[in-house]
Amino acid sequence: MSDTDMKKAFVSATAAQRLLLPLVAMLLLLPSVASAQKKGNFEKGDYGYLFCHMNDRGRAWTAYALSRDGLHYHDLLNGDSIFSDFVMAPIEGATRDAYICRKHDGSGFLLACTDMNVGRFKDLKKAAEWDNYGFSLLTSDDLLSWQTTSFDFRKGTVIFCNPEAESVYKDWSTINRVWAPQIMWDAEYVWPDGKRGGYFIYYSMLNRAEQDHDCMYYSYADESFTQLTQPQLLFDWGYATIDADINWLESDQQWHMMIKKEGGQPGLFTTASKSLTGPWPEPVADDFVNFEGKKKCEGVSAFQLAGHDDWMIGYIEYSSRPRNYRLCMADKFMRNFKSPRNIEGVNAPQHGSFLRLTKEEYGRLQAWSDGYELATMKPNRQNPVIPGLYADPEILYCEADGRYYLYPTTDGCEQWDNHDFRCYSSSDLRHWQPEGVIFDLQTDCSWANRKAWAPCIIERKVTKAVKQRLLGKKAWKGKQDKGYMYFYYFVADGKIGVAVSDSPKGPFRDAIGKPLVTKEMEVMKHGGATIDPDVFQDPQTGKCYLYWGNGTIICAELADDMVSFVGEPKVVLPRSQKGRYNFNEGAYVFSRNGLYYFTWSENDTRSKNYRVRYAISDSPTELVRGGKPVTAAEKTIVLQRDDAQQIFGTGHHAILQKPGTDEWYIVYHRFQRPGAAKLDWSAGYNREVCIDPLKFDGEGHILPVKPSL
């Protein structure tokens, strides 16, 4: 509203209206006030998150991964490069250390990358493997197509928009390192022509001819992101510092920097300043990521989850092989680091950064990746073996009729909140026919009605008395009855029950009208959960055992009626040893050539890294070899993800020996391919059942299984 309009409105208004006009005028100004951003980079979107990172699969390139919650991710483009590195990094042909953000007005996106090709350092005739000479500044309207401006610092001051300014080096041709540029909008910066606002670009440099350690520098880029001012020293603490990450904190109205110190006390530290250009005091010794101990870390990147005051800190722990990309939490003052964990779902993640996304942006990126995936991914051929979403498969060869029976968990529900169990049968392990619902908690169980999980089954010959007690007086069918019964152990709402039938295809009935295993049992004081039962008959003694546990392995000998225990259950693997053996859940025990194989699943079933391990024992009730405990060194990976084929989450298995042969198979679940991997953590509720051969070497070790399509 102009002054003239205000005057006209005031003359024509009533007295009451005149009192309101100044308020109306003030409200008209509110949109521009509300749209004014806090200090720092423009933030928008609460639907999902983009992790833009350097991929570490041999040759470095820039890759994308998406997440809905900021914790669990899935790769886009199968983890391949989002653009041509030779175009975007014309100096050496590889982009590293990706830092992504929005333009200050929200009209597009910016990306800064180190231009460095470590793998070709000899071809490029570099003096050292980790030398490089510049970086690239990139712009995009849609996160898909990028344009680049490259800065080769060896060329000296001519590459900058103010070449006449005082230079930090005498000779730019001897530059050795220009690392990890990052971007922060500075609305207070004033250009020589009086225009306000510029992109503060900060990075580390080393010129060995003129200095003995890496220092932090900064330049300013204009709004076009193509013009760059000469570097100025940001700070020099007297030792090497690299990989700085700066954010504005509303909590104390200061800029906070996390940075890798390579001198003094090494590690990831934080410091704060009232101004982007400093002074930046040296960090205090107690304010650092200390839970990594002596492990080496770098490449820090901090971001806030939408609606949260605390900070998420991403960084690389590169002492281990393979390297770990870690996420930890910090408080609203970017202090008190805690809760470290590996990032989930990203193939070979390295130095990168995070960007909040709108629903439209998230969908556009996903659709782009889906098109690429359809063009490059091989289709399923023999797996999955049954259609639909199923998991935790159990398999049985039925002596009574010579067929195979498959018993999975019904999948497809968030938090695994399903209620029915189904069965499939086959004569050849390839063609399976549905036998329908064999047991439903909502109609067949009196003590639980939800969370029907992870069944196991055993075929047993029983006496007439046992059969009639469990199935009723009319159960025995005279001479034609072979005396077989089927004992089906299942999880219902965190407890283990047992159902029985005289047919492998059911229907089954609850055998005892209450749980067989509960959390209240004395043995459960050792910890863990009462889930994932496995039943095994020892061919040497004829005894039957039931195993269960998440975090622990518990074993109980079953009585002849198969619905009660002989003596008290015992702990095979205590919770205190979980990490030593990489045990999580899904124990499965089988015997071959007089040895007992304990197999289990490692990690969370919602993780792409869910996989199967094993150990060999001389006993079905403890982990021992030659009278000594099985050592952690004896554990071996049986089955794991295959990124090249987009196969993830391979685990919770059963083992089958083809009768009369030494031919073995592993039945397992994986993320439904290819759709489930895009669901991040929810992939663990969308799984499919697969079968592959299991082979042994001459000494009885299980050979790694290559999961098949």
**OP:** Could you compute the FRET efficiency for T149 and A529, with r as their C-beta to C-beta distance and R0 at 60 Å, rounded to 0.05?
**Re:** 0.60
Subject >> With every protein chain in place, the stretch 246-321: carbon and sulfur % of accessible area (1.4 Å) >> reply: 47
**OP:** Run the dipole for the stretch 563-626 about the Cα centre, Lys and Arg Cβ at +1, Asp and Glu Cβ at -1, nothing else charged, and hand back the magnitude in debye, nearest 20.
**Re:** 280
**OP:** Could you let me know the centre-to-centre spacing of the stretch 623-657 and the stretch 320-336, using Cα atoms, in angstrom?
**Re:** 29
**OP:** Could you provide, to the nearest whole Å², the per residue accessible area of the stretch 35-144 with probe 1.4 Å?
**Re:** 34
Original post:
Where does each of 65-75, 431-441, 116-126 land if you order them by average Cβ count within 10 Å, highest first?
Top reply: 65-75, 431-441, 116-126
Original post:
What pairs in K608/K678; K44/K608; K543/K570; K38/K332; K38/K274; K44/K103 have C-alpha atoms more than 19 Å from each other?
Top reply: K44/K608
Original post:
Given 0.36 nm per residue, what is the gain on full extension from K332 to E210 after removing their alpha carbon distance, in nm?
Top reply: 40.0 nm
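Using the Cα centre of the stretch 497-564 as the reference point, and only Cβ charges (+1 on K/R, -1 on D/E), how large is the resulting charge dipole? Debye, rounded to the nearest 20.
Magnitude of the dipole: close to 180 debye.
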Subject >> Total formal charge among the other residues, if their Cβ is under 11 angstrom from that of S369, Lys/Arg +1 and Asp/Glu -1 >> reply: -2
**OP:** Convert 10 °C to kelvin, take the viscosity as 1.306 mPa s, use the Kirkwood radius over C-alpha pairs of the stretch 287-442 as Rh, and evaluate the Stokes-Einstein diffusion coefficient in µm²/s, rounded to a whole number.
**Re:** 77
Original post:
Near the amide H of R208, under 5 Å away, which other amide H atoms are found, from residues 5 or more places off or on another chain, if H is placed in the peptide plane?
Top reply: N176
**OP:** Among A65, F109, W130, pick out the residue whose Cα is farthest towards the positive end of the charge dipole of the stretch 31-169, where Lys and Arg carry +1 and Asp and Glu carry -1 on C-beta, about the Cα centre.
**Re:** W130
Original post:
For the stretch 515-594 and the stretch 251-295, what is the separation of their C-alpha centers, rounded to whole Å?
Top reply: 49
Subject >> Cβ-derived FRET efficiency at R0 60 Å, K482 paired with D236, nearest 0.05 >> reply: 0.10
Original post:
Solvent-accessible area per residue for the stretch 396-501 at a 1.4 Å probe radius, Å²?
Top reply: 44
Subject >> Cα-Cα separations in the chain greater than 47 Å, expressed as whole percent >> reply: 35
**OP:** Treat the stretch 279-324 as a sphere of radius equal to its Kirkwood radius over Cα pairs and apply Stokes-Einstein at 4 °C in a medium of 1.567 mPa s; give the translational diffusion coefficient in µm²/s, rounded to a whole number.
**Re:** 102
Original post:
So for the pair Q433, K658, with labels modelled 7 Å out along Cα→Cβ, what separation do we get in nm?
Top reply: 2.2
Original post:
When ligands, DNA and RNA are left out and all protein chains stay put, how many square angstrom of accessible area per residue does the stretch 518-574 have with a 1.4 Å probe?
Top reply: 39
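Considering only protein heavy atoms and a probe of 1.4 Å, how much of the accessible area of the stretch 565-636 is carbon and sulfur, as a whole percent?
Reported share for carbon and sulfur atoms: 44 percent.
If you place +1 on the Cβ of every Lys and Arg and -1 on the Cβ of every Asp and Glu, how big does the dipole about the Cα centre of the chain come out, in debye to the nearest 20?
Values: 83 positive and 91 negative charges, 398 e Å.
Using only the charged Cβ atoms, the result is roughly 1920 debye.
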Original post:
What are the radius of gyration and Dmax of the stretch 39-124, computed over its Cα atoms and given in Å?
Top reply: 14.4, 45
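The values are calculated or read from the model by the stated rules, or taken from the named source; none is laboratory data. This structure is a prediction, so every number in the text was calculated from the model and none was measured. Please note: Cβ atoms are built from the backbone with ideal geometry, for glycine as well, and neighbour counts cover all protein chains shown. Each accessible area value is taken on the protein alone, full model and side chains, heavy atoms only, with ligands, DNA and RNA left out. Shrake-Rupley method; radii C 1.70, N 1.55, O 1.52, S 1.80 Å.
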